Amino acid sequence: MFLEQEGGHAALLRPYATSKQIAVGASALGWVDISRGITLLCDLFDECPVVKYIPFPAPGVCITPYYRLTRHSAQCFHDVACYDGLIKFVEIGFDEPDCMIKGKGRRATTWIRNISWGSWRKHTRVDVANISVDPRYSALLPELWNHETHKLELKKLVFLLPTLSVRNDDLLHIMAKVGGEHDKAWVIAVDMKSAVVEGLAPVSTGRYCPSTMFSPCAFPSYLNNMTQGLIILPSFSSYLMSCDLLTIISFELLVG
């Protein structure tokens with residue numbers, strides 16, 4: 001077995017906490033430390049498999065004692081997925097030191113990478129203030145209506161737990177709350193290429209941040225009736241007919 005690493009040998013000697021696993025193509029398996037990077041076991045079926053460590057491109061999220069759950073901070077703002085050998089990484093970033101305060105310049109940035117590439121490539125970046133929301137969602141999002149501009153403003157929300165699509169698209173699913181003390185939340189699907197909300201569903205999370213909220217799954221089209229309760233516009237409806245749905249599978253309510 002051969003060993004390859006980026007960032008020097010010290011990168012492999014640091015503590016490593018596996019938070020998820022991903023299949024990368026047909027012959028590689030990755031163990032993800034959501035705060036640091038991916039340890040890949042490549043060429044699984046060869047006589048001499050290769051272990052490779054790939055650090056994440058981002059310098060790290062703003063860590064604050066939000067919900068008094070600092071050990072879950074990276075999971076609240078990072079995610080990794082893979083489609084057909086292409087690894088996707090997303091980070092929710094902030095412009096202000098007090099990064100969990102509403103309206104302080106939140107943004108989502110995605111990177112992509114193939115195993116054979118020497119580095120990550122920045123793919124999309126969307127500032128929350130620039131995301132377009134169809135007015136037909138106003139019934140579900142009355143708190144976000146701006147009576148002066150006659151538009152819904154997502155910048156009034158706190159965003160947590162980004163979840164990348166496992167399909168060949170640019171959808172990002174994310175949980176949004178008005179604030180930490182509110183029970184009400186929404187799962188929002190954003191097209192990162194066009195900066196448009198493609199769908200949303202209201203959920204109740206209680207007052208605490210769930211460390212595991214939802215998981216992307218690939219379902220055949222005959223199971224698309226599982227989207228009951230999700231408001232879907234025509235463009236998103238055609239998307240759901242042939243690809244994955246985001247299913248809310250568990251809530252791990254964490255008491256600080």
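The values are calculated or read from the model by the stated rules, or taken from the named source; none is laboratory data. Here the structure is a predicted model, which is why all the values come from computation and not from measurement. Quick reminder, even Gly has a Cβ in these numbers, built from the backbone with ideal geometry, and neighbours come from all protein chains shown.
Quick notes on this one:
- With respect to the conditions (1) modelled with pLDDT under 55; (2) among the hydroxyl-bearing types (Ser, Thr, Tyr); (3) buried (at least 16 other Cβ atoms within 10 Å of the Cβ), Tyr53 lacks only one, and its number is (1).
- Odd one out for Pro220 among (1) modelled with pLDDT under 85; (2) under 16 Å from Leu154 (Cβ atoms): (2)
- Considering the conditions (1) over 30 Å from Gly85 (Cα atoms); (2) within 17 Å of the chain's Cα centre (by Cα), Ile188 is excluded by exactly one of them, (1).
- Residue in region 133-143 that is surrounded by fewer than 14 Cβ atoms within 10 Å (Cβ to Cβ), charged (D, E, K, R) and under 20 Å from the mean Cα position of the chain (by Cα) present: no
- Residues in region 115-133 that are part of a loop (DSSP other than H, G, I, E, B) and closer than 18 Å to Ala189 by Cα: Ile131, Val133.
- Restricting attention to region 29-42, the residues being assigned to a strand (DSSP E or B), surrounded by 21 or more Cβ atoms within 10 Å (Cβ to Cβ) and among the hydrophobic types (A, V, I, L, M, F, W, C) number 3.
- Evaluated against (1) surrounded by 19 or more Cβ atoms within 10 Å (Cβ to Cβ); (2) over 15 Å from Val197 (Cα atoms); (3) touching a helix residue (DSSP H, G or I) at 6+ places or on another chain (Cβ under 9 Å), Arg113 falls short on exactly one condition, (3).
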